[in-house]
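A.B. asks: Input: one structure, supplied below.
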Amino acid sequence: LAKTTQPISMDSYEGQEVNITCSHNNIATNDYITWYQQFPSQGPRFIIQGYKTKVTNEVASLFIPADRKSSTLSLPRVSLSDTAVYYCLVEGRGSTLGRLYFGRGTQLTVWP
Amino acid sequence: ETGVTQTPRHLVMGMTNKKSLKCEQHLGHNAMYWYKQSAKKPLELMFVYSLEERVENNSVPSRFSPECPNSSHLFLHLHTLQPEDSALYLCASSQEFGEAYQPQHFGDGTRLSIL
């Protein structure tokens, strides 16, 4: 089972870059890595997804090394509104159908 | 607005009551999911439906009974619940189940409290 491990909490200041790393040592060949953001009293929201190397969108970057045993979510120049819980999800595709493993999440707190 | 609507947002019930949670999506998705989120545990996948057929059941107690009458609606029927069942129950949908690049769209959940 592709369990994930990520830091329980992180603190940052406005304007800084934040990197959150997730470990998934047992990731399968067909698994993708997805990150979600969750605010209190709301459901998780999709941030970014990748399979290998680097993926970038308008809100974040995702770095995945060649062995795919970890991934790093990078949030550039965070603001107070980025304070939230961030989840790393290893999601099975194809032959690993149905393997959806959320980590415990990382509580990111951004200070003024 | 996420496209996935859950009702009610809050529910308080006794252990002998029977209630149902409702989830509705108008995104044209074919897969729907129920998750349980407790305060000190990871998000737990409970059930997955694909094209109205159940494809995943992660050893969930029988006091939770899902129903998917069509691809837009998902229910979770509750009966004889225990205090440890108090949690946030989240519904999600995705275009297909098990296909590449299919992020899930979550509702904002039902906060369930068992007295």
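A.B. asks: Please find, within the stretch A:31-55, the residue that is farthest from A:Ser71 (Cα to Cα) out of those that are of a type in the set (S, T, N, Q) and open to solvent by less than 60 Å² (accessible area, probe 1.4 Å).
C.D. replies: A:Gln38
A.B. asks: Related question: Of these, B:Leu112, B:Leu88, which one is part of a strand (DSSP E or B) and within 26 Å of A:Gln49 (Cβ to Cβ)?
C.D. replies: None of the others qualify; the one that does is B:Leu88.
A.B. asks: Let me ask something else. May I ask you to list the residues in the stretch B:1-30 that are surrounded by 14 or more Cβ atoms within 10 Å (Cβ to Cβ), within 13 Å of another protein chain (Cβ to nearest Cβ) and assigned to a strand (DSSP E or B)?
C.D. replies: Within the stretch B:1-30, B:Val4, B:Thr5, B:Gln6, B:Cys23, B:Gln25 meet the criteria.
A.B. asks: Take the residues in the stretch B:31-45 that are in a loop (DSSP other than H, G, I, E, B) and touching a Phe, Trp or Tyr at 6+ places or on another chain (Cβ under 6 Å); name whichever of them is surrounded by the most Cβ atoms within 10 Å (Cβ to Cβ).
C.D. replies: Here the answer is B:Leu43.
A.B. asks: Now, a different point. Just give me the residues in the stretch B:64-115 being open to solvent by 50 Å² or more (accessible area, probe 1.4 Å), away from chain A (no Cβ under 14 Å) and farther than 20 Å from B:His10 by Cβ, in sequence order.
C.D. replies: Selection gives B:Glu67, B:Pro69, B:Asn70, B:Thr80.
A.B. asks: Just one of A:Ser70, A:Ser9, A:Ser79 is among the small types (Gly, Ala, Ser), in contact with a strand residue (DSSP E or B) (Cβ under 7 Å, 6 or more places away or on another chain) and open to solvent by 60 Å² or more (accessible area, probe 1.4 Å); which is it?
C.D. replies: Within the list A:Ser70, A:Ser9, A:Ser79, the selection yields A:Ser9.
The values are calculated or read from the model by the stated rules, or taken from the named source; none is laboratory data. Computed from a predicted structure; not experimentally measured. In this analysis, Cβ positions are derived from the backbone assuming ideal geometry, glycine residues included, and neighbour counts consider all displayed protein chains. These accessible areas exclude ligands, DNA and RNA; they are computed on the full protein's heavy atoms, side chains included. Shrake-Rupley method; radii C 1.70, N 1.55, O 1.52, S 1.80 Å.
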